[in-house]
1. Of these, B:T89, B:T77, B:T111, B:T64, which one is in contact (Cβ under 8 Å) with a residue 60 or more places away in the chain and either open to solvent by less than 30 Å² (accessible area, probe 1.4 Å) or not small (G, A, S) (or both)?
2. Determine, yes or no, whether B:R150 is more than 14 Å from chain A (Cβ to nearest Cβ) and not aliphatic (A, V, I, L, M).
3. If I ask for residues that are within 15 Å of B:E96 (Cβ to Cβ) and part of a loop (DSSP other than H, G, I, E, B), which ones from segment B:171-186 would you list?
4. If I filter segment B:39-61 down to residues being of a type in the set (A, V, I, L, M) and farther than 27 Å from B:E80 by Cα, which single residue comes out as surrounded by the fewest Cβ atoms within 10 Å (Cβ to Cβ)?
5. Within segment A:10-18, identify whether any single residue is facing chain B (nearest Cβ under 10 Å), within 26 Å of A:G131 (Cα to Cα) and modelled with pLDDT of 95 or more, and answer yes or no.
6. From the list A:S46, A:S59, A:S2, which residue is without any contact (Cβ under 8 Å) to a residue 24 or more places away in the chain, within 11 Å of chain B (Cβ to nearest Cβ) and either part of a strand (DSSP E or B) or surrounded by 22 or more Cβ atoms within 10 Å (Cβ to Cβ) (or both)?
7. Which of the residues spanning segment A:62-80 are at the interface with another protein chain (Cβ under 10 Å from one of its Cβ atoms), part of a loop (DSSP other than H, G, I, E, B) and among the β-branched types (V, I, T)?
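The values are calculated or read from the model by the stated rules, or taken from the named source; none is laboratory data. The structure presented is a predicted model; accordingly, all values stated were derived computationally and were not measured. Note that we place each Cβ from the backbone using ideal geometry, even for glycine, and neighbour counts take in every protein chain shown. Calculation scope for accessible area: heavy atoms of the full protein, side chains included, ligands and nucleic acids excluded. Shrake-Rupley method; radii C 1.70, N 1.55, O 1.52, S 1.80 Å.
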Amino acid sequence: MSKKMQITLNVNGTRHELLAEPRTLLIHVLRENLGITGPHIGCETSHCGACTILMNERSIKSCTVFAAQADGAEITTIEGLGTPDSLHPLQEAFREHHGLQCGFCTPGMITRAAQLLKENPDPTEEEVRFGMAGNLCRCTGYQNIVKAVLAAASEINTAKEAAQ
Amino acid sequence: MIPAAFEYYRPDDLQGALALLHEHGDEARVVAGGHSLIPMMKLRMAEVPHLIDLQAIDALRGITVDGNRITLGAMVTQEEIIAHEGLATLVPILREAALQIADPQVRAMGTVGGNVANGDPGNDMPGLMQCLGATFHVTGPDAAREIEARDFYEAAYMTAREDDEILTAVSFDAPNGGQSYQKQKRKIGDYATAAAAVILTREGEHCTGASIAMTNLSDVPVWAEAAGEALIGTDCGEDAVIAAINAMQEAIDPTEDNRGPVAFKRHTAGIILARAIARAWSRA
């Protein structure tokens, strides 16, 4: 066992200081040290995307980043996107369009989709499928996930236009 | 999946990283995006007692376009390559290849330096860099030196970089002509069953220059010089493509694994090369 190091993470707008071994994976720090259990552990081999979070405004798989590498980073998880009383448009769209069945992949799906829509606010269906290719779902067959992301894009764009 | 314990370092300049490498010798490795090394550490197929993170070294970042010469800092991510408009115009094959690597989240972390320095035969950038005739820049404790991409790879995970050197950048001239990177893979995120990088120049109906490299069909990337020569002077028609494929088959040495038996890989390599030649020719 190596010495623990002090790590600072800004997660969903809150600054956390904690001690962890450098080898601790970021997903474990989030779930076990901070109790942020939205990001899930699926494959643990950087394939499935259930652990997807935003780190410094990039979508990443938190099972393949050491907590030490994330020291000082700005992190957003599904908990930072919406609340039960005020859902993020993507969360609302996943509910509306039945974009989940078991729900295990959903936090990663929505967190990835949020960044995709920031980078490309009005994607085509093909762009959504390509942009979400790092997230696996074993239930839905993806049809309703793609529908939900497209619907959320439209909703967000309409709200933006209305605000202008 | 917890890796063996290690000490973590985040030096803020290259000299600091080189000093740590020198101090810890075989027990130290540098990490860029980590998306090759960390999975191996988690599987305990790699043990790294001293892990040197390069993320804080600004000198390893950035894409520079100086006239026709392009330099990619080792820490440039695949995502940055894809997003760079200048590169998309000057060297479209780079973006075409980067888009076929892994998935969006992995491309956000994965770097060009890690991809070329790792020496994994499955990585896509080594073959592409051989096709481009790129130069790799490495710095050791005493001096910096340049190594041609075509001379860099010795065997799987064995390269011309010494253990106490760090690969700092990759540079190449923007190529003339039509370009294409074609890759067959089983699923998103997989390494290639076979991939081909092709750059062709043409005058009228004649091919005047050709560079062909193949990925994951040997324990190193394969720059198939004779396959390119088989196209020069031809119209890149059916006979010429067959001659190029036959020459490529002489140069590759695939092995059976979970992507299929040797005969299937050779078949796939032929199809993919024909596709890349046709695409590059149509763009030339």
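1. Checking each option against the conditions leaves just B:T111.
2. On the way: more than 14 Å from chain A (Cβ to nearest Cβ): yes; not aliphatic (A, V, I, L, M): yes.
For B:R150, the condition - more than 14 Å from chain A (Cβ to nearest Cβ) and not aliphatic (A, V, I, L, M) - is met.
3. B:A174, B:P175, B:G177, B:K185
4. The first filter runs over segment B:39-61 and keeps only residues of a type in the set (A, V, I, L, M), leaving B:40-41, B:43, B:45-46, B:48, B:51-52, B:54, B:56-57, B:59-60.
Those left that are additionally farther than 27 Å from B:E80 by Cα: B:43, B:45-46, B:48.
Values: B:L43: 11, B:M45: 9, B:A46: 16, B:V48: 23.
Among those that are of a type in the set (A, V, I, L, M) and farther than 27 Å from B:E80 by Cα, it is B:M45.
5. No, every residue in segment A:10-18 fails to be facing chain B (nearest Cβ under 10 Å), within 26 Å of A:G131 (Cα to Cα) and modelled with pLDDT of 95 or more.
6. A:S46
7. Passing the criteria: only A:V65.
Condition check ((1) out of contact with any Ser or Thr (no Cβ under 8 Å at 6 or more places or on another chain); (2) within 20 Å of B:Y191 (Cβ to Cβ); (3) not assigned by TED's automatic domain parsing to the domain that holds B:I166) across all residues:
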position	(1), (2), (3)
B:H24	yes, no, yes
B:R44	yes, no, yes
B:M75	no, no, no
B:L90	yes, no, no
